[in-house]
Amino acid sequence: MDKKTEKKVIIELDNVCKYYKMGNNIVKAVDGVSLKIKEGDFVAIMGPSGSGKSTMMNLIGSLDVPTRGKILLDGDDISELSESDLAQIRGKKIGFIFQSFNLIKNLTAKGNVMIPMIFQGYDAGGRSFRAEKLMKMVDLSERMDHSPNELSGGQQQRVAIARSLANSPEVVLADEPTGNLDSKTGQTVMGFLQDLNNKGKTIVMVTHDIELVKDYPDIVYWLKDGKIEKVTEKTVKRRTNIE
Amino acid sequence: MIKDFFSLALKNLKSRGIRSWLTLLGIFIGITAVVALVSLGNALEMAVAGQFGISQTEVITIGAGGISGTGPPGSGVAKPLDMDDLAAVERVSGVKRAIRRNIESGKLEYNDKVVFGFAANVPNGQDREYIYKQLDKDPIAGRYLKDGDTGKVFLGYNFYVDKVGLDKEIIPGKKVLVNDKSFEVVGILDKKGSFIFDNLVFMNEKDMENLFDYGDVVDTILAQPTNPDEMAKLKEDIEKALRKSRNVKEGEEDFSVSTPEASMEEINALLNGVQAFIILVALISVFIGAIGIVNTMTTSVLERIREIGIMKSIGARNEHIFTQFFIESGLLGLIGGLVGAIAGTLIGVGGTMAINGFIGSEISPNIDFPLISFALLGSFIIGAVAGIAPAMKAAKQNPVDALRG
């Protein structure tokens, strides 16, 4: 029995276009992309720079709305939402991991993990408890009260992973998560993502790193000039030693 | 949730550079000025009123106009009052008595030290009793001067406690030299809390005349009304009589007739003028401070544009971003106000103590807690209002652009 067909679709892009005006020219950053991301998938969006993958990432993450087409996040059409409602949905359903970690420098590691919960109205006790649990999960219990500039790149990215999970999102979106890390640290970070996926979390990763694409994702969308050039799917899933 | 934004704002403020704090100078100066002024205002008013000692009660004071020097009242005027004027005032119906007052500057020697100050005459008979009554204090040591005393002086309180710089207290029975002439001290007036009275040398009229040789000149005339309720009318009548005696037209008076109310009003008008000016300066500073906050918050939004992007990407709604910057701006104002309130209170307390030390009054500093709370609330509101435009700018950032930095 093929279980994949039974899985819920979390994100659906239906003929999505994103055009920008640049001087007198129209730049078609994303040009008619359709795809479905299902619960528990580990999806990569792969492409060289300028292929439109950052725009794709922004659209999937509901940071941006399409010029044309429809984006359904958990069944809701996000192209019709106000900026603030978009923020609310994004905070609840999507966890972001950025290439440059993007931690708030005035807050401690734990404070950074707690921030998304403030916007969802968690009480202080609940926030603290959950943040500590997440920090433990990324093996940073000892570093909770350190500020981001006291942490190494790999540690910062692990804090970012913990933060992305703060509101138990449906999807974790990772934008070049290893881009600023050396390969060994990068592997550790990828290990955490793989582990999350093994536990059922949907992961969408945007990258141009062919090595990452070989090892981790189940499905890879190859992007070129704003269009999906090809889709590759892996049948045997790689297992990591991180549990 | 508001509590969380306050804590976030405090964390952000902690990491601010000196530039942000310098922009608070305006708010700081404004609040300092207002709080200091109010704490000091009370002391100033009481101090000035206290200096009037005698004229605070129901008595009309007449002086010559056009004071040109810095000497005691009546000296250096174009045309001083004289005995004819005194007689003219005395003749006005409704004047119970008119008393000649002369004050002269001179030197007093004691313990081989010399101090300069003022001497005042004490009239004879009933006028003497009246003056003593008006002084409203008894001798703290010795006795008052009486009719027929010659070569005797009665001194202000500061001579008794050595606050005039003689390095030795003067007690009744001691001899002092006034303008090189020897006088015996018969008594000391109890503390008046007035710089003038506590440093004064009282002398019988005859001794004064002989010593200073002022002849016919009268420095001021004190007129006691028969009916204190008709001060205003009496003032007009005295003016009329003096115009005649001094041969001047209405509107060209070279003398002044003032009732105590009028004097106090004049002083209050002066103090109010000073207060109005300081408040104006305070308002301008606060306004400049508010512009400073707008400026620093706008810069802050630009500097933290990436942070805004991050916050939005992890679920911050526009109103969350707005609230954060708004509160931060308000707190910025509040801190300026808080430091200003502390500085203002210190200036008020220090200033009052300085006034007390200078004139020997015992005014307690006026720390106005409702005013301070109002000033703090006001500075928070000013800060917050100044932060509205920058906070709106922050809230409206497009997350994609903001994340790009």
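The values are calculated or read from the model by the stated rules, or taken from the named source; none is laboratory data. No experiment lies behind these values; they were computed from the predicted model shown. Cβ placement follows ideal geometry from the backbone for every residue including glycine, while neighbour counts extend to all protein chains displayed.
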(request) Look through B:V257, B:V286, B:V294 and report the one residue that is more than 14 Å from chain A (Cβ to nearest Cβ), in contact with a Lys or Arg (Cβ under 6 Å, 6 or more places away or on another chain) and not polar (S, T, N, Q). (result) B:V257
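From the set of residues in segment B:353-405 that are within 14 Å of chain A (Cβ to nearest Cβ) and hydrophobic (A, V, I, L, M, F, W, C), which is nearest to B:S39 (Cα to Cα)? So that I can check it myself, show each step before the final result.
From segment B:353-405, those within 14 Å of chain A (Cβ to nearest Cβ) are B:392, B:394-405; that's our starting set.
With hydrophobic (A, V, I, L, M, F, W, C) added as a condition, the list becomes B:392, B:394-395, B:400, B:402-403.
Values: B:M392: 38, B:A394: 40, B:A395: 41, B:V400: 53, B:A402: 48, B:L403: 50 Å.
Among them, the one singled out is B:M392.
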(request) Could you tell me which of the residues B:I31, B:I103 is closer than 30 Å to B:R246 by Cα, in contact with a Ser or Thr (Cβ under 9 Å, 6 or more places away or on another chain), at pLDDT 85 or above and more than 14 Å from chain A (Cβ to nearest Cβ)? (result) B:I103
(request) Output the qualifying pairs, or none if there are none: Cβ atoms under 9 angstrom, residues six or more apart or on different chains, first residue in segment B:298-326 and touching a residue at least 12 places away in the same chain (Cβ under 8 Å), second residue buried (at least 23 other Cβ atoms within 10 Å of the Cβ) and among the acidic types (D, E). (result) B:S300/B:E328
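Tell me the residue from A:G91, A:G52 that is closer than 25 Å to A:P217 by Cα, crowded, with 22+ Cβ neighbours inside 10 Å and in contact with a strand residue (DSSP E or B) (Cβ under 6 Å, 6 or more places away or on another chain), please.
On the way: A:G91 fails: in contact with a strand residue (DSSP E or B) (Cβ under 6 Å, 6 or more places away or on another chain).
Selected residue: A:G52, the only one of A:G91, A:G52 that is closer than 25 Å to A:P217 by Cα, crowded, with 22+ Cβ neighbours inside 10 Å and in contact with a strand residue (DSSP E or B) (Cβ under 6 Å, 6 or more places away or on another chain).
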(message) Checking the condition polar (S, T, N, Q), surrounded by fewer than 16 Cβ atoms within 10 Å (Cβ to Cβ) and touching a helix residue (DSSP H, G or I) at 6+ places or on another chain (Cβ under 6 Å), which residue from B:N199, B:N179 passes?
(response) B:N179
(request) Pull up segment A:66-91, narrow it to residues that are part of a loop (DSSP other than H, G, I, E, B) and either touching a His at 6+ places or on another chain (Cβ under 9 Å) or more than 23 Å from A:K8 (Cβ to Cβ) (or both), then point me to the one that is modelled with the highest pLDDT. (result) A:T67
(message) For the list (1) part of a loop (DSSP other than H, G, I, E, B); (2) in contact with a strand residue (DSSP E or B) (Cβ under 7 Å, 6 or more places away or on another chain); (3) of a type outside the set (A, V, I, L, M, F, W, C), I need the number of the one condition that B:G215 fails.
(response) (2)
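If you scan segment A:88-108, which residues turn out to be of a type in the set (A, V, I, L, M) and touching a helix residue (DSSP H, G or I) at 6+ places or on another chain (Cβ under 6 Å)? Quick ask: steps written out before the conclusion?
Taking segment A:88-108 and keeping what is of a type in the set (A, V, I, L, M), we get A:89, A:94, A:97, A:103-104, A:107.
Result: A:I97, A:L103, A:I104.
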(request) Confirm whether B:Q224 is in the same structural domain as B:F28 (by TED's automatic domain parsing) and touching a residue at least 12 places away in the same chain (Cβ under 8 Å). (result) no
(message) Being modelled with pLDDT under 90 and farther than 22 Å from A:E12 by Cα narrows it down to one residue among A:K237, A:K184; which is it?
(response) A:K237
(message) Looking for something closer than 30 Å to A:N58 by Cα and either over 38 Å from the mean Cα position of the chain (by Cα) or crowded, with 19+ Cβ neighbours inside 10 Å (or both) - is there at least one such residue anywhere in segment B:334-343?
(response) no
(message) Checking the conditions here, which among B:R128, B:R91, B:R97, B:R101 is loosely packed, with under 13 Cβ neighbours inside 10 Å and out of contact with any His (no Cβ under 6 Å at 6 or more places or on another chain)?
(response) B:R91
